[in-house]
Amino acid sequence: MLKKIIKSKKMVLAAMMAGVMSFGLMENGVQAADKGAAGMKSAEVKSDRMIKAEKLQLTQEWDKVFPKSDKVDHRKVTFVNRYGITLAADMYVPRYAKGKLPALAVSGPFGAVKEQSSGLYAQEMAERGYLTIAFDPSFTGESGGQPRYVASPDINTEDFSAAVDFLSIQENVDKDRIGIIGICGWGGMALNAAASDTRIKATVASTMYDMSRVIANGYFDRDKDEATLKRERYANREALNAQRTEDYKNGFYKNAGGVPDVLPEDAPWFVKDYYTYYKTERGYHPRSLNSNGGWNQTSALSFMNMPILSYADEIKSAVLVLHGEKAHSRYFGEDAFKKLQGDNKELVIVPGASHIDLYDNKALIPFDKLAAFFDKNLK
């Protein structure tokens with residue numbers, strides 16, 4: 001028995017070493033093959049590893065839901081993530097800024113576009129001295145990726161790191177002073193990115209959702225016992241996998257639907273809250289998923305299986321969790337904050353604010369507080 005255990009461990013070690021070789025030493029293997037090792041020529045060519053940008057069609061006129069500031073310069077930029085998807089972003093630079101600046105990447109809410117809340121946050125922080133970009137996540141807005149309207153806990157976390165890639169090589173950015181801001185569902189993605197990407201020195205999660213939790217368990221899961229949650233999750237998986245079959249048969253992906261065009265009288269109060277933003281002049285945008293047809297329905301499957309905050313307790317960089325006192329989503333932020341470790345983590349509750357207030361209500365969003373947080377932690 002002991003010999004079998006030892007043999008098994010050796011096999012596992014050999015497999016691990018093979019993985020290390022394939023990830024870390026491929027260049028040597030390719031070079032050896034290219035030198036003519038008998039019968040072992042690699043099919044890999046350098047072009048397979050090139051970072052290639054897709055040509056995107058970007059709107060050049062100002063089409064944001066907020067007014068343009070005369071204190072910053074604005075232009076469109078693009079960058080590529082690790083999955084080869086080209087992302088579109090708005091860059092905001094403090095007017096008359098000189099030298100290398102601290103930088104911020106901003107995204108969210110979940111189902112929104114950069115012309116909405118993330119752009120407002122980016123512009124406001126640029127007024128306070130930061131070079132900022134607000135980007136459309138993969139498969140949405142002006143960014144690339146097919147099929148459209150897909151969300152992914154992995155790819156959307158990667159979108160933040162791709163933004164850091166881009167900012168890190170800008171001549172007017174100090175690559176050691178980069179932070180991120182995630183709004184609503186992208187607050188959870190931002191925390192996930194901070195757990196993975198050590199280049200991120202400070203993170204703000206504003207009015208955050210834990211998307212994997214809410215998709216797996218529904219709203220207000222504290223009110224349900226575990227048996228009920230498991231039963232509901234299984235029923236949801238059955239329905240979503242049946243939808244996969246239907247999509248493939250039909251040849252197109254069904255969307256889940258955004259905020260309803262006509263608000264039912266019995267709609268939950270937080271849906272009414274969303275309606276006042278996404279379906280009115282206040283926040284409506286033609287490229288916004290929430291303002292229109294919503295996400296690809298089967299996107300939910302990956303979130304149900306991949307909790308995004310699994311390693312939140314290993315974030316060493318600074319984090320500020322910002323939430324409204326009256327937000328229906330407040331429990332997501334408070335529970336996420338409980339997982340964070342270290343004395344450089346902070347929870348800020350904004351008195352009287354709802355979930356949507358922290359999208360665009362400049363009287364309630366504490367932008368000066370955010371600037372002080374980043375000033376302190378992006379030294």
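Table for the structure above
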quantity: Simple label model, 7 Å out from Cα along Cβ direction - K369 to E246, nm; calculated: 4.3 nm
quantity: Listed values [x] 22.0; [y] 25.4; [z] 18.4, entry calculated as mean projected area of the Cα convex hull in nm²; calculated: [y]
quantity: Segments 117-125, 180-188 sorted - mean Cβ within 10 Å per residue, highest first; calculated: 180-188, 117-125
quantity: Cα→Cβ-extended label distance, 7 Å offset, between Q57 and E226, nm; calculated: 5.2 nm
quantity: Those aspartates and glutamates that a straight Cα-Cα span of less than 18 Å connects to K272, excepting residues fewer than 8 apart in one chain; calculated: D261, E281, E325, D357, D360
quantity: Of K316/K369; K100/K175; K68/K98; K114/K326; K316/K339, pairs whose Cα-Cα distance is over 19 Å; calculated: K316/K369; K68/K98; K114/K326
quantity: Those residues of the range 171-215 whose amide nitrogen sits under 11 Å from the label point placed on A239, 7 Å along Cα→Cβ; calculated: none
quantity: Extension reserve of the R95-E346 stretch, reckoned as 0.36 nm per residue once the Cα distance is removed; calculated: 87.3 nm
quantity: Point-to-point label distance, K316-T198, nm (Cα→Cβ direction, 7 Å offset); calculated: 0.6 nm
quantity: Spatial separation of Cα centroids for the range 189-249 and the range 300-379, in angstrom; calculated: 17 Å
quantity: DSSP-defined beta bridges in the chain - what % are antiparallel, rounded to 5; calculated: 35 percent
quantity: Relative pair counts by distance (%), Cα atoms of the range 186-339, 5 Å bins; calculated: 2, 8, 13, 17, 19, 19, 13, 7, 2, 0
quantity: Proportion of all alpha-carbon pairs of the range 111-190 beyond 19 Å (%); calculated: 36 percent
quantity: Theoretical ellipticity at 222 nm over the chain - DSSP helices of four or more residues, -39500 (n - 2.57) apiece, nearest 500; calculated: -12000 deg cm²/dmol
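Just so you know, all these numbers are worked out from the coordinates, no wet-lab data involved. In this text, all values refer to a predicted model and were calculated from it rather than measured experimentally. Positions of Cβ are backbone-derived with ideal geometry, glycine not excepted, and every protein chain shown enters the neighbour counts.
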